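Accompanying notes for the structure given below.
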Amino acid sequence: MSLRENSIYWYLAVMAVASWILVNLSGFDEVSRGLPPAHSPDFFSKSYAKWEMNDIGVLKNKLLADKMTHYSDDRTTYLDRPEFFSFSGEPTAPTPDNRPPWVIAAESGLLSADGKDLLLNGKVTIARAGATRLRPMQINTSNLTVKPETSYAETDDWAELVSSSNRTTGTGMKLIFKEPVRLELLSHVQGKYETKQ
């Protein structure tokens, strides 16, 4: 073969070498093979809302947040200003029994991948409005772990229970917020109670 006949092969070889050099210089090859950064968000939502119904279609729990960010590596969900509502009415009733919901609000939160643990950070308020034969109740605390499936919450931090004119404080708290409601302050318990005259 003559040089003229081989020129097409020389041209293709030069183009291949030039392309390989450009790819290596640009770093494009490394970017395309690279993994996403650890703990990077894969989606987010503003004005997030999630509802959970019981077996017969009655609202059981509701979770709201100003912003939700989901992370792909551990499948956790970060929440800004979350509010968790637990409707503790009779679970088999087709309509709610007019009991006000428990409302748990925090500065920020983290929902586990399986949805079984809601870790609320910063200042946390737990409240239930009053109703017929039901006194209003408010609990002030911080860094609370909520287990929505079992209507259970706990903290190792200071907690304050305010109901009517009564006030009880302690360190560490366990709360079951379904009927029958059970609240336990674990240590350093002090109370201030209104006396009837």
Select from the range 174-185 the residues that are of a type outside the set (K, R) and surrounded by 15 or more Cβ atoms within 10 Å (Cβ to Cβ) and write down the one among them that is nearest to P101 (Cα to Cα).
F177
Among what's in the range 135-152 and is surrounded by fewer than 17 Cβ atoms within 10 Å (Cβ to Cβ), closer than 21 Å to P100 by Cβ and among the hydroxyl-bearing types (S, T, Y), pick the residue that is modelled with the lowest pLDDT.
T150
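In the range 162-187, which residues are within 25 Å of the chain's Cα centre (by Cα) and assigned to a loop (DSSP other than H, G, I, E, B)?
Going through the range 162-187, the residues within 25 Å of the chain's Cα centre (by Cα) turn out to be 171-179, 181-185.
Those that are within 25 Å of the chain's Cα centre (by Cα) and assigned to a loop (DSSP other than H, G, I, E, B): F177, K178, E179, V181.
How many residues, within the range 1-60, are of a type in the set (K, R) and either at pLDDT 80 or above or not in a helix (DSSP H, G or I) (or both)? Break it down stepwise before answering.
Our first condition is that a residue be of a type in the set (K, R); within the range 1-60, this holds for 4, 33, 46, 50, 60.
With the extra rule that they be either at pLDDT 80 or above or not in a helix (DSSP H, G or I) (or both), the set shrinks to 46, 50, 60.
The number of residues fulfilling the criteria is 3.
Residue by residue through the range 61-90, note down the ones that are over 22 Å from I126 (Cα atoms), outside any strand (DSSP E or B) and either at pLDDT 90 or above or touching a Phe, Trp or Tyr at 6+ places or on another chain (Cβ under 9 Å) (or both). Please lay out each step first, then the result.
At the first step, the residues of the range 61-90 found to be over 22 Å from I126 (Cα atoms) are 69-76.
Next cut, outside any strand (DSSP E or B) only: 72-76.
Answer for the range 61-90, where residues must be over 22 Å from I126 (Cα atoms), outside any strand (DSSP E or B) and either at pLDDT 90 or above or touching a Phe, Trp or Tyr at 6+ places or on another chain (Cβ under 9 Å) (or both): S72, R75, T76.
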Quickly run through the range 99-122 and pick out the residues that are closer than 17 Å to H70 by Cα and among the small types (G, A, S).
S108, G109, S112, A113, G115
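Only one residue in T155, T171, T132, T125 is farther than 26 Å from M68 by Cα, surrounded by 14 or more Cβ atoms within 10 Å (Cβ to Cβ) and β-branched (V, I, T). Which one? If you could, list the steps in order and put the result at the bottom.
On the way: T155 fails: farther than 26 Å from M68 by Cα; T132 fails: surrounded by 14 or more Cβ atoms within 10 Å (Cβ to Cβ); T125 fails: farther than 26 Å from M68 by Cα.
So the residue among T155, T171, T132, T125 that is farther than 26 Å from M68 by Cα, surrounded by 14 or more Cβ atoms within 10 Å (Cβ to Cβ) and β-branched (V, I, T) is T171.
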Pairs only if they're at least six apart or on different chains, beta carbon under 6 angstrom, first in the range 162-190 and of a type in the set (D, E, K, R), second assigned to a loop (DSSP other than H, G, I, E, B) and at pLDDT 90 or above; list them, first residue then second.
K178/S151
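The values are calculated or read from the model by the stated rules, or taken from the named source; none is laboratory data. Not measured: the values here are computed from a predicted model. Heads up, the Cβs are rebuilt from the backbone with ideal geometry, glycines too, and the neighbour counts pull from every protein chain shown.
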